[in-house]
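The values are calculated or read from the model by the stated rules, or taken from the named source; none is laboratory data. Please read all numbers here as calculations on a predicted model, not as lab measurements. A quick note on method: Cβ atoms are made from the backbone with ideal geometry, for glycine too, and the neighbour counts reach across all protein chains shown.
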Amino acid sequence: MSPYLNIVQIIVSIALIAIILLQGKKGGLGGLVGGDSGVYRTRRGIEKTLHNLTIILTVTFFVTSLLNVLVN
């Protein structure tokens with residue numbers, strides 16, 4: 001079962017990297033030093049989908065990592 005978990009973990013990690021890179025960089029480093037406009041924005045459309053997919057892939061990666069450690 002371990003080789004299958006390794007393959008799933010590799011696929012999930014590549015997908016997670018791709019999804020993170022697709023997300024916009026609206027704040028940049030300005031938000032770190034107080035350059036944020038202070039306006040609350042909600043996520044809509046593709047931005048919300050990418051955010052939710054990032055959370056799902058992160059949880060999936062974490063679970064497969066734990067399973068991989070427990071199996072080996």
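Considering only residues that are of a type in the set (S, T, N, Q) and either in a helix (DSSP H, G or I) or modelled with pLDDT of 90 or more (or both), which ones fall in segment 40-66?
Within segment 40-66, Thr49, Asn52, Thr54, Thr58, Thr60, Thr64, Ser65 qualify.
Just checking, how many residues over segment 44-72 are touching a residue at least 12 places away in the same chain (Cβ under 8 Å) and over 14 Å from Leu22 (Cβ atoms)?
Residues flagged as touching a residue at least 12 places away in the same chain (Cβ under 8 Å) and over 14 Å from Leu22 (Cβ atoms) within segment 44-72 amount to 9.
Which one is surrounded by the most Cβ atoms within 10 Å (Cβ to Cβ) among residues in segment 1-38 that are at pLDDT 65 or above and more than 18 Å from Val63 (Cα to Cα)?
The selected residue is Ile19.
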